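In what follows, a single structure is set out as structure tokens and then discussed.
What follows is calculated from the coordinates using simple rules that are stated; it is not laboratory data. This structure is a prediction, so every number in the text was calculated from the model and none was measured. With ideal geometry, Cβ positions are generated from the backbone for all residues, glycine too; neighbour counts draw on all protein chains shown.
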Amino acid sequence: MFRKGSAVVASIAIVSLAAAVSAFGGNSSTGATTVAVTLGKPGEFNITVSKKAIAKGVTTFKVTNKGGISHDFKIAGKKTPSLKTGKTATLKATLKKGKYQFLCTFPGHAAGGMKGTLTVK
Ligand SMILES: [Cu+2]
């Protein structure tokens, strides 16, 4: 004895790609900004950013660890994975106007100097 059930489940996945960036308002530039971030150079507990002030909007951080030990990079609640020497990671964040502190979250690293401020206008 067997039961035959015919349940057809149609699963439709709708992927919506928002390619168009809507107007942010105001007159300032809202284009995508890329900031190069270097960890561990010139000193092991240094973070160097290519730009200290940027326009608001979508920002891509290209993070490279040039130090001798592992580091990471955190800004605006977002964080890269732990990066070993020579490794690179990309972090994307949509930033509003304001000042953002960035840092390395390894214990003692920020206290040792791995921190700084990025200004978003
Ligand atoms: Cu670090």
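List the trypsin sites (Lys or Arg not before Pro) within segment 58-100 that fall in a DSSP loop (any state other than H, G, I, E or B) and whose Cβ has at most 13 other Cβ atoms within 10 Å.
Working: sites: 62, 66, 74, 78, 79, 84, 87, 92, 96, 97, 99; in loops: 66, 84, 87, 96, 97.
Listed in order of number, the matching sites are 84, 96, 97.
So how far apart, in nm, are the two label points at residue 51 and residue 79 if each is 7 Å from Cα heading toward Cβ?
2.6
Can you work out ³J(HN,Hα) from phi for every residue in segment 108-121, in order, using Karplus 6.51 cos²θ - 1.76 cosθ + 1.60 and θ = phi - 60°, giving whole Hz and x for Gly and Pro?
For segment 108-121, the Karplus-derived couplings read x, 5, 4, 5, x, x, 7, 7, x, 10, 10, 9, 10, 9 Hz, x marking Gly and Pro.
So what are the ³J(HN,Hα) numbers for segment 76-86, from phi and the Karplus equation (6.51, -1.76, 1.60; θ = phi - 60°), rounded to whole Hz, Gly and Pro as x?
6, x, 10, 9, 7, x, 5, 10, 7, 3, x
May I have the convex hull volume per residue, in Å³, for the Cα set of segment 33-120?
Working: hull volume 6.5 nm³, N = 88.
It comes to 74 Å³ per residue, whole-number rounded.
Please give the length that would be gained between residue 97 and residue 60 if that part of the chain were fully extended, namely 0.36 nm times their separation in residues minus their C-alpha to C-alpha distance (nm, one decimal).
Details: separation 37, 0.36 × 37 = 13.32 nm, distance 1.57 nm.
Residue separation times 0.36 nm, minus the Cα-Cα distance, leaves 11.7 nm.
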